[in-house]
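Some notes on the structure that comes next.
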Amino acid sequence: PENLIVAIYSPQVDNSRIAGFAKLVVDAAAAGDTVAGNIVKEAGFELGLAACAVIDKLGLKRNKVPIGCVGSIFKAGELLTGPMTEVIRTIAPKAYLTEPLMPPANAAALMALRNAVNSKNGGAK
């Protein structure tokens, strides 16, 4: 474990390299590796908790809330989304997972454009 911490925080290891391990774990889980499967399930559980925090903060527990699944980790499918959905539905039974309406970069550009227009118009929405 100590070597792992050193390796992860090494300047030679960036986020994309760490994220690359996710594919290996998902592949191992799909091949039946129990430890890898548990890691993916735990990731789903944690993502569910994160979504719950946002849903709660925004007061959307009773709403039909779409939750966009962004990132290659969602290629893990039900192994990840099952636990995630289970956790989310404990506070927001109408919530559902969905693919995003557009790529994240497009969404960011749209938000920036809206922000620029709103700023130009004195903050009007």
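Values quoted throughout were computed directly from the atomic coordinates according to the rules given, and no laboratory measurement underlies them. Remember, it's a predicted structure, so these values are computed and weren't measured experimentally. Quick reminder, even Gly has a Cβ in these numbers, built from the backbone with ideal geometry, and neighbours come from all protein chains shown.
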**Fill in**
Subset of segment 1-19, residues within 19 Å of the chain's Cα centre (by Cα) and surrounded by 12 or more Cβ atoms within 10 Å (Cβ to Cβ), comes to ARG17, ALA19
**Message:** Any residue that is over 24 Å from ALA7 (Cβ atoms) and part of a strand (DSSP E or B) - is there at least one of those in segment 37-56?
**Reply:** no
**Prompt:** Which residues, taken from segment 79-125, are surrounded by 11 or more Cβ atoms within 10 Å (Cβ to Cβ), of a type in the set (Lys, Arg) and over 16 Å from GLY44 (Cβ atoms)?
**Reply:** LYS94, ARG114
**Request:** Might you check whether a residue that is in contact with a Phe, Trp or Tyr (Cβ under 8 Å, 6 or more places away or on another chain) and part of a helix (DSSP H, G or I) occurs anywhere in segment 71-82?
**Result:** yes
**Of all residues in segment 40-56 being surrounded by fewer than 17 Cβ atoms within 10 Å (Cβ to Cβ) and among the hydrophobic types (A, V, I, L, M, F, W, C), the one that is nearest to LEU80 (Cα to Cα)** = PHE45
